[in-house]
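Dropping the structure in here first, questions after.
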Amino acid sequence: MGHWTVNQAGKSIVLIGMMGAGKSSVGRSLQRRTQFALLDTDEIVASKFGLSIPEIFSKYGEQVFREAETQALREMAPDKQTVVVTGGGIVLGEDNLDFLKRLGVVVWLDGKEETLFERAARSGNRPLLQRGNPREVFAQILQARLPLYAKVANIRVDTSVLTDEEVAVAILSKLGKLGRNWRPGSTIPATAR
Ligand code: S3P
(Lines give C-alpha, C1' and ligand atoms only; values in the text may rest on other atoms or scores of the structure.)
Protein backbone atom coordinates (compact mmCIF):
# COMPACT_ATOMS: atom_id res chain seq x y z
CA MET A 1 0.00 0.00 0.00
CA GLY A 2 1.52 3.23 -1.10
CA HIS A 3 0.13 5.69 1.37
CA TRP A 4 1.33 5.68 4.92
CA THR A 5 0.29 9.11 5.97
CA VAL A 6 -3.33 9.59 6.87
CA ASN A 7 -4.92 12.51 5.15
CA GLN A 8 -4.44 15.76 7.00
CA ALA A 9 -7.96 17.08 7.21
CA GLY A 10 -10.18 14.05 6.78
CA LYS A 11 -11.98 12.66 9.80
CA SER A 12 -13.97 9.92 8.13
CA ILE A 13 -13.62 6.17 7.88
CA VAL A 14 -13.90 5.40 4.18
CA LEU A 15 -14.73 1.85 3.07
CA ILE A 16 -13.59 0.67 -0.33
CA GLY A 17 -13.42 -2.76 -1.92
CA MET A 18 -15.00 -5.16 -4.34
CA MET A 19 -18.67 -6.01 -4.58
CA GLY A 20 -19.38 -8.62 -1.91
CA ALA A 21 -16.77 -7.35 0.53
CA GLY A 22 -19.51 -6.27 2.94
CA LYS A 23 -19.00 -2.50 2.76
CA SER A 24 -22.66 -1.63 3.37
CA SER A 25 -23.16 -3.94 6.35
CA VAL A 26 -19.80 -3.12 7.88
CA GLY A 27 -20.62 0.56 7.35
CA ARG A 28 -23.85 0.18 9.32
CA SER A 29 -22.04 -1.61 12.09
CA LEU A 30 -19.36 1.10 12.23
CA GLN A 31 -22.06 3.73 12.35
CA ARG A 32 -23.70 2.08 15.36
CA ARG A 33 -20.39 1.71 17.11
CA THR A 34 -19.02 5.19 16.43
CA GLN A 35 -22.23 7.24 16.17
CA PHE A 36 -20.70 8.89 13.11
CA ALA A 37 -23.10 9.75 10.29
CA LEU A 38 -23.29 7.22 7.46
CA LEU A 39 -22.98 8.22 3.81
CA ASP A 40 -23.21 5.70 0.99
CA THR A 41 -22.37 6.77 -2.58
CA ASP A 42 -24.73 4.16 -4.10
CA GLU A 43 -27.60 5.40 -1.92
CA ILE A 44 -26.89 9.04 -2.77
CA VAL A 45 -26.82 8.29 -6.50
CA ALA A 46 -29.95 6.12 -6.33
CA SER A 47 -31.91 8.78 -4.50
CA LYS A 48 -30.70 11.50 -6.85
CA PHE A 49 -32.15 9.56 -9.81
CA GLY A 50 -35.06 8.12 -7.88
CA LEU A 51 -34.04 4.76 -9.32
CA SER A 52 -32.25 1.62 -8.18
CA ILE A 53 -28.63 1.09 -9.27
CA PRO A 54 -29.58 -1.59 -11.85
CA GLU A 55 -32.24 0.77 -13.24
CA ILE A 56 -29.71 3.60 -13.57
CA PHE A 57 -27.32 1.28 -15.43
CA SER A 58 -29.96 0.04 -17.83
CA LYS A 59 -31.59 3.39 -18.45
CA TYR A 60 -28.55 5.70 -18.61
CA GLY A 61 -25.50 3.42 -18.80
CA GLU A 62 -22.44 2.99 -16.64
CA GLN A 63 -20.80 6.29 -17.60
CA VAL A 64 -23.67 8.37 -16.25
CA PHE A 65 -23.63 6.32 -13.07
CA ARG A 66 -19.87 6.90 -12.69
CA GLU A 67 -20.26 10.64 -13.08
CA ALA A 68 -22.97 10.78 -10.44
CA GLU A 69 -20.84 8.60 -8.17
CA THR A 70 -17.89 11.00 -8.48
CA GLN A 71 -20.19 13.95 -7.81
CA ALA A 72 -21.53 12.29 -4.66
CA LEU A 73 -18.01 11.70 -3.41
CA ARG A 74 -16.83 15.19 -4.29
CA GLU A 75 -19.64 16.77 -2.30
CA MET A 76 -18.76 14.98 0.93
CA ALA A 77 -17.20 17.22 3.54
CA PRO A 78 -13.81 16.20 4.92
CA ASP A 79 -14.34 18.03 8.20
CA LYS A 80 -17.25 15.81 9.26
CA GLN A 81 -16.81 12.53 11.10
CA THR A 82 -18.54 10.13 8.79
CA VAL A 83 -18.54 6.50 7.82
CA VAL A 84 -18.36 6.58 4.03
CA VAL A 85 -19.48 3.52 2.07
CA THR A 86 -18.52 3.44 -1.59
CA GLY A 87 -19.43 1.33 -4.63
CA GLY A 88 -16.84 -1.20 -5.72
CA GLY A 89 -15.93 0.77 -8.83
CA ILE A 90 -15.18 4.04 -7.06
CA VAL A 91 -11.43 3.55 -7.56
CA LEU A 92 -11.85 3.64 -11.36
CA GLY A 93 -12.16 7.42 -11.46
CA GLU A 94 -8.74 8.97 -11.12
CA ASP A 95 -10.01 12.06 -9.33
CA ASN A 96 -11.88 9.80 -6.95
CA LEU A 97 -8.63 8.56 -5.46
CA ASP A 98 -7.82 12.05 -4.24
CA PHE A 99 -11.37 12.61 -3.00
CA LEU A 100 -11.23 9.35 -1.03
CA LYS A 101 -7.95 10.23 0.64
CA ARG A 102 -9.13 13.72 1.43
CA LEU A 103 -12.04 12.30 3.42
CA GLY A 104 -9.94 10.38 5.93
CA VAL A 105 -8.58 6.94 6.56
CA VAL A 106 -9.27 4.61 3.64
CA VAL A 107 -10.08 1.03 4.64
CA TRP A 108 -9.97 -1.70 1.99
CA LEU A 109 -12.31 -4.60 2.64
CA ASP A 110 -10.67 -7.47 0.82
CA GLY A 111 -11.25 -11.22 0.78
CA LYS A 112 -10.85 -14.44 -1.11
CA GLU A 113 -12.08 -14.05 -4.66
CA GLU A 114 -14.47 -16.99 -4.44
CA THR A 115 -15.99 -15.72 -1.20
CA LEU A 116 -16.44 -12.21 -2.57
CA PHE A 117 -18.05 -13.58 -5.72
CA GLU A 118 -20.47 -15.79 -3.83
CA ARG A 119 -21.59 -12.88 -1.68
CA ALA A 120 -21.84 -10.48 -4.63
CA ALA A 121 -23.77 -12.92 -6.81
CA ARG A 122 -26.25 -13.72 -4.05
CA SER A 123 -28.06 -10.39 -4.09
CA GLY A 124 -28.65 -10.29 -7.86
CA ASN A 125 -28.60 -6.49 -7.94
CA ARG A 126 -25.13 -6.01 -9.44
CA PRO A 127 -25.61 -4.90 -13.05
CA LEU A 128 -21.97 -5.62 -13.90
CA LEU A 129 -22.57 -9.30 -13.14
CA GLN A 130 -25.61 -9.60 -15.38
CA ARG A 131 -23.70 -10.17 -18.59
CA GLY A 132 -21.48 -12.90 -20.01
CA ASN A 133 -20.14 -15.42 -17.55
CA PRO A 134 -20.52 -13.63 -14.20
CA ARG A 135 -17.73 -15.59 -12.56
CA GLU A 136 -15.25 -14.68 -15.31
CA VAL A 137 -16.42 -11.09 -15.44
CA PHE A 138 -15.96 -10.85 -11.69
CA ALA A 139 -12.40 -12.21 -11.93
CA GLN A 140 -11.49 -9.70 -14.63
CA ILE A 141 -12.96 -6.77 -12.76
CA LEU A 142 -11.20 -7.79 -9.56
CA GLN A 143 -7.80 -8.18 -11.24
CA ALA A 144 -8.11 -4.75 -12.80
CA ARG A 145 -9.02 -3.13 -9.50
CA LEU A 146 -6.68 -4.83 -7.05
CA PRO A 147 -3.77 -2.44 -7.71
CA LEU A 148 -6.09 0.54 -7.34
CA TYR A 149 -7.52 -0.60 -4.00
CA ALA A 150 -3.99 -1.32 -2.82
CA LYS A 151 -2.76 2.06 -3.94
CA VAL A 152 -5.36 4.19 -2.20
CA ALA A 153 -5.92 2.20 1.01
CA ASN A 154 -4.32 2.97 4.35
CA ILE A 155 -5.56 -0.23 5.92
CA ARG A 156 -6.62 -3.62 4.50
CA VAL A 157 -8.89 -6.10 6.24
CA ASP A 158 -9.40 -9.65 4.95
CA THR A 159 -13.13 -10.25 5.41
CA SER A 160 -13.14 -13.87 4.16
CA VAL A 161 -13.57 -15.56 7.52
CA LEU A 162 -15.06 -12.70 9.53
CA THR A 163 -18.64 -11.62 10.11
CA ASP A 164 -19.54 -8.04 9.33
CA GLU A 165 -19.49 -7.21 13.04
CA GLU A 166 -16.05 -8.77 13.40
CA VAL A 167 -14.79 -6.72 10.47
CA ALA A 168 -16.09 -3.54 12.09
CA VAL A 169 -14.37 -4.44 15.36
CA ALA A 170 -11.15 -5.23 13.50
CA ILE A 171 -11.22 -1.85 11.80
CA LEU A 172 -11.84 0.04 15.02
CA SER A 173 -9.13 -1.87 16.78
CA LYS A 174 -6.66 -1.10 14.00
CA LEU A 175 -7.64 2.55 14.19
CA GLY A 176 -7.38 2.44 17.97
CA LYS A 177 -3.83 1.25 17.60
CA LEU A 178 -3.23 4.37 15.63
CA GLY A 179 -4.27 6.46 18.60
CA ARG A 180 -5.68 9.80 17.56
CA ASN A 181 -4.63 8.97 14.09
CA TRP A 182 -6.56 11.54 12.16
CA ARG A 183 -4.42 14.41 13.27
CA PRO A 184 -2.40 16.20 10.63
CA GLY A 185 0.70 14.45 9.46
CA SER A 186 0.35 11.35 11.59
CA THR A 187 1.59 8.04 10.27
CA ILE A 188 0.10 4.57 10.44
CA PRO A 189 2.52 2.19 12.14
CA ALA A 190 3.15 -1.09 10.33
CA THR A 191 1.52 -3.00 13.21
CA ALA A 192 -1.82 -1.42 12.44
CA ARG A 193 -2.01 -3.03 9.04
C1 S3P B 1 -20.22 -1.54 -8.67
C2 S3P B 1 -20.53 -1.89 -7.37
C3 S3P B 1 -21.84 -1.60 -6.77
C4 S3P B 1 -22.52 -0.42 -7.46
C5 S3P B 1 -22.57 -0.66 -8.93
C6 S3P B 1 -21.16 -0.81 -9.54
C7 S3P B 1 -18.89 -1.89 -9.19
O8 S3P B 1 -21.68 -1.33 -5.39
O9 S3P B 1 -21.83 0.77 -7.20
O10 S3P B 1 -23.32 -1.81 -9.16
O11 S3P B 1 -18.48 -1.35 -10.24
O12 S3P B 1 -18.20 -2.70 -8.54
P13 S3P B 1 -21.24 -2.49 -4.32
O14 S3P B 1 -19.74 -2.51 -4.30
O15 S3P B 1 -21.83 -2.04 -3.04
O16 S3P B 1 -21.80 -3.76 -4.83
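Can you tell me the relative contact order of the chain? Whole percent, Cα pairs under 8 Å, sequence separation 6 or more.
Relative contact order, the chain: 38 percent.
Moving on to the next point. Enumerate by residue number the GluC sites (Glu not before Pro) in region 1-92 meeting two conditions: DSSP loop (anything except H, G, I, E, B), and at most 15 other Cβ atoms within 10 Å of the site's Cβ.
Filter output for region 1-92: Glu75.
Per DSSP H run of n ≥ 4, the term is -39500 (n - 2.57); total these for the chain, divide by its residue number, and report the mean residue ellipticity at 222 nm rounded to 500 deg cm²/dmol.
Helices in the chain give a 222 nm mean residue ellipticity of -15500 deg cm²/dmol.
Calculate, for the chain, the solvent-accessible area per residue in square angstrom, rolling a 1.4 angstrom probe over the heavy atoms of the protein chains.
On a per-residue basis, 48 Å².
Measure nothing but the geometry: give the 0 to 90° angle between the long axis through the Cα atoms of 94-103 and the longest principal axis through the Cα atoms of the chain, rounded to 10°.
So the inclination is approximately 40 degrees.
So, one more: Quantify, in whole percent, the carbon and sulfur part of the accessible surface of region 1-121 (1.4 Å probe; protein heavy atoms only).
48 percent
Consider just the alpha-carbon atoms of the chain and return their Rg together with their Dmax, both in angstrom.
Taking only Cα atoms of the chain, I get Rg and Dmax of 15.8, 47 Å.
Which sequence of Glu94, Glu166 reflects their accessible areas, 1.4 Å probe, from the largest down?
Glu94, Glu166
Assuming R0 = 41 Å, can you tell me the calculated FRET efficiency for the pair Ala37 and Asn133, based on Cβ-Cβ distance, to the nearest 0.05?
The pair Ala37/Asn133 has a calculated efficiency of 0.55.
Does a label point 7 Å from the Cα of Ser52, set along Cα-to-beta-carbon, have any residues of region 71-91 with amide nitrogen under 18 Å, and which are they?
Residues 87-88 qualify, since their backbone N sits under 18 Å from the label point.
What distance in nm separates the two pseudo spin-label positions at Arg122 and Val169, each 7 Å out from Cα along the beta-carbon direction?
With each label point 7 Å from Cα toward Cβ, the separation is 1.9 nm.
The values are calculated or read from the model by the stated rules, or taken from the named source; none is laboratory data. These numbers come from a predicted model, not from an experiment. Here the Cβ is made from the backbone with ideal geometry for all residues, glycine too, and neighbour counts use every protein chain on show. These accessible areas exclude ligands, DNA and RNA; they are computed on the full protein's heavy atoms, side chains included. Shrake-Rupley method; radii C 1.70, N 1.55, O 1.52, S 1.80 Å.
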